[in-house]
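Structure first, then comments.
The values are calculated or read from the model by the stated rules, or taken from the named source; none is laboratory data. Small disclaimer: the values here were computed from a predicted structure and weren't measured. A quick note on method: Cβ atoms are made from the backbone with ideal geometry, for glycine too, and the neighbour counts reach across all protein chains shown.
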Amino acid sequence: MQDVRKRTLGVTHAFSVAILLKTLFAPWRRITTPAGKGIDAKLRAMIDNFVSRVVGFTVRIGVLLIALLLAGGTLLLYSLIMIAWPLMPIAVIFCLVKVVI
């Protein structure tokens with residue numbers, strides 16, 4: 001059971017899930033546009049910064065979904081292995097009997 005937890009936590013660590021959640025609404029690659037002096041420059045900077053945050057949010061959500069899928073797949077795979085492992089000796093005996101008969 002410890003191995004399943006360790007592997008699942010390894011997947012979340014590899015994708016830096018904690019960091020992604022903390023920076024979910026941060027601008028993409030810290031790309032920000034400084035506000036200029038005129039109202040037109042300030043409006044353009046606000047739109048650029050908003051788009052950068054939307055791109056950052058979208059990419060981070062995508063990576064979080066992939067991490068969730070892989071962590072769930074890891075959990076499912078190791079759970080199936082834990083269920084199948086005690087049945088292996090029975091499967092070997094069954095296969096030997098099937099070959100002989």
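Scanning region 54-74 turns up one or more residues that are of a type outside the set (A, V, I, L, M), assigned to a helix (DSSP H, G or I), exposed (fewer than 12 other Cβ atoms within 10 Å of the Cβ) and out of contact with any Leu (no Cβ under 7 Å at 6 or more places or on another chain). Just need a number here: residues in region 13-53 that are assigned to a loop (DSSP other than H, G, I, E, B) and either loosely packed, with under 11 Cβ neighbours inside 10 Å or among the hydrophobic types (A, V, I, L, M, F, W, C) (or both). Result for region 13-53: 9. Applying the condition of being at pLDDT below 85 and exposed (fewer than 13 other Cβ atoms within 10 Å of the Cβ) to region 1-12 and asking which residue is farthest from TRP85 (Cα to Cα) yields GLN2.
MET82: within 29 Å of ASP3 (Cα to Cα) and modelled with pLDDT under 90, yes or no? When the stated conditions are applied, MET82 passes them. Filtered by the rule that a residue be at pLDDT 90 or above and polar (S, T, N, Q), region 27-65 gives a lone residue, THR58.
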